[in-house]
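Asker: Handing you a structure now.
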Amino acid sequence: HPETLRARHGRCVNLGRLGRWEEALSESREVAVLREQVLGPDHPDTLVSLREVAVGLGWLGSWADALTEYRRVATARERVLGPDHPDTLASRNDEAHCLEQLGRGAEAVALYRRVAALREQRAAAAR
């Protein structure tokens, strides 16, 4: 049930806050798979769970795998919400942070700049 999965996701987050990243990652992966089956691959809750998988991978030092997951989330959010939606921009920021961790500074800076430009365009349009 979606509410059970929401509670399990909360458990993943709390396991991470306790520094129990192996458990958090395992649970996050399971919740992400179930949410994808129940809610669909592009549902916001599914994408939040996939992001939690990426967070766990990062904390465990698996930055290359984390980048794959961060990009998966960012690509889905861009497709569903648009390139300048706040959730998409947050995902691209996560991706840039991951690139930094991988020593790919030039790519990270380019992505941070792209995110900043899109945020500025969005803010200007709202004025």
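The values are calculated or read from the model by the stated rules, or taken from the named source; none is laboratory data. Since the model is a prediction, treat every value here as computed from it, not as a measurement. Positions of Cβ are backbone-derived with ideal geometry, glycine not excepted, and every protein chain shown enters the neighbour counts. When the accessible area is computed, the model is the full protein with side chains, heavy atoms only, and any ligands, DNA or RNA have been set aside. Shrake-Rupley method; radii C 1.70, N 1.55, O 1.52, S 1.80 Å.
Asker: Scan segment 1-38 residue by residue and report those that are part of a helix (DSSP H, G or I) and charged (D, E, K, R).
Answerer: So in segment 1-38, the residues part of a helix (DSSP H, G or I) come out as 2-17, 21-38.
Passing the criteria: Glu3, Arg6, Arg8, Arg11, Arg17, Glu22, Glu23, Glu27, Arg29, Glu30, Arg35, Glu36.
Asker: Counting just the residues of segment 68-85 that are in contact (Cβ under 8 Å) with a residue 24 or more places away in the chain and open to solvent by 10 Å² or more (accessible area, probe 1.4 Å), which one comes out nearest to the chain's Cα centre (by Cα)?
Answerer: Of everything passing the filter in segment 68-85, Tyr70 is nearest to the chain's Cα centre (by Cα).
Asker: Out of all the residues in segment 11-47, which are touching a residue at least 12 places away in the same chain (Cβ under 8 Å) and under 23 Å from Leu102 (Cβ atoms)?
Answerer: Scanning segment 11-47 gives Gly16, Trp21, Glu22, Ala24, Leu25, Ser28, Arg29, Ala32, Leu47.
Asker: Can you tell me which condition Leu5 does not meet? The list is (1) open to solvent by less than 70 Å² (accessible area, probe 1.4 Å); (2) touching a Ser or Thr at 6+ places or on another chain (Cβ under 7 Å), and all the others hold.
Answerer: The one condition Leu5 does not meet is (2).
Asker: What single numbered condition from (1) surrounded by fewer than 17 Cβ atoms within 10 Å (Cβ to Cβ); (2) in contact (Cβ under 8 Å) with a residue 40 or more places away in the chain; (3) out of contact with any Gly (no Cβ under 8 Å at 6 or more places or on another chain) fails to hold for Trp59?
Answerer: With (1) surrounded by fewer than 17 Cβ atoms within 10 Å (Cβ to Cβ); (2) in contact (Cβ under 8 Å) with a residue 40 or more places away in the chain; (3) out of contact with any Gly (no Cβ under 8 Å at 6 or more places or on another chain) applied to Trp59, the lone miss is (3).
Asker: Oh, and also: Tell me which residues, restricted to segment 8-50, are within 16 Å of the chain's Cα centre (by Cα), open to solvent by 30 Å² or more (accessible area, probe 1.4 Å) and of a type in the set (Lys, Arg).
Answerer: Listed by number, the list holds a single entry, Arg29.
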